[in-house]
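This report concerns only the one structure given below.
The values are calculated or read from the model by the stated rules, or taken from the named source; none is laboratory data. In this text the structure is predicted, and so the values were computed from the model without any measurement. All accessible areas refer to the heavy atoms of the entire protein, side chains included, with ligands and DNA or RNA removed. Shrake-Rupley method; radii C 1.70, N 1.55, O 1.52, S 1.80 Å.
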Amino acid sequence: MRALLFIAFILLSLPGMSSDDPDPQRIRQLEEKLRCLVCQNQTLADSNAELAGDLRREVADQVKAGKSDEQIIEYLVQRYGDFVLYDPPFKLRTLLLWIGPFALLALAAGVLVLVLRRRRAAPEEMPLAPDEKRLVERVLGPGERDGAPR
């Protein structure tokens with residue numbers, strides 16, 4: 001009786017141990033290397049977007065088909081570009097991804113320096129020309145002159 005139960009247990013366990021089932025740890029490691037194309041700041045493993053679910057299924061199907069990690073990543077790069085990689089390689093096509101944020105920061109710092117220099121160099125108050133003074137007095141009426149009322 002024990003032998004029958006043991007054999008039944010083994011037979012029922014075999015489908016779960018077949019090589020057709022993908023390795024969940026390997027799939028998770030692959031998903032950590034890939035970027036969600038919708039969220040863009042999350043890995044494929046962390047995203048809840050519908051496209052991320054589709055890509056996770058694609059990765060699992062390719063693992064199940066026996067493809068290597070490099071083949072799976074290459075397939076996704078060919079299909080979606082280097083942007084699908086969470087850590088894209090440094091090459092001419094991805095130069096903007098790597099240098100863009102630093103270039104924008106440098107540009108913003110340069111603009112800030114220029115604005116501050118111009119503000120410091122500009123006179124605080126430009127004096128009015130005589131004809132401008134007459135126009136202001138005509139529109140607003142006589143006012144204070146040299147701190148004393150007229």
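Can you send over the solvent-accessible area of F83, 1.4 Å probe, protein chains only, in Å² to the nearest 10?
Accessible area, nearest 10 Å²: 70 Å².
Computing the accessible area with a 1.4 Å probe over protein heavy atoms, can you report the carbon and sulfur percentage for region 69-113?
Here carbon and sulfur together make up 71 percent of the probe-accessible area.
³J(HN,Hα) across region 32-38 via Karplus (A = 6.51, B = -1.76, C = 1.60, θ = phi - 60°), whole Hz, x for Gly/Pro?
6, 7, 10, 9, 6, 6, 8
Express the relative contact order of region 35-105 as a whole percentage, based on alpha carbon pairs under 8 Å and six or more residues apart in sequence.
RCO, region 35-105: 23 percent.
Taking H as built 1.01 Å from N, whose amide H comes closer than 5 Å to the amide H of L85, not counting residues under 5 places away?
Counting only residues 5 or more places away or on other chains, the set is R35.
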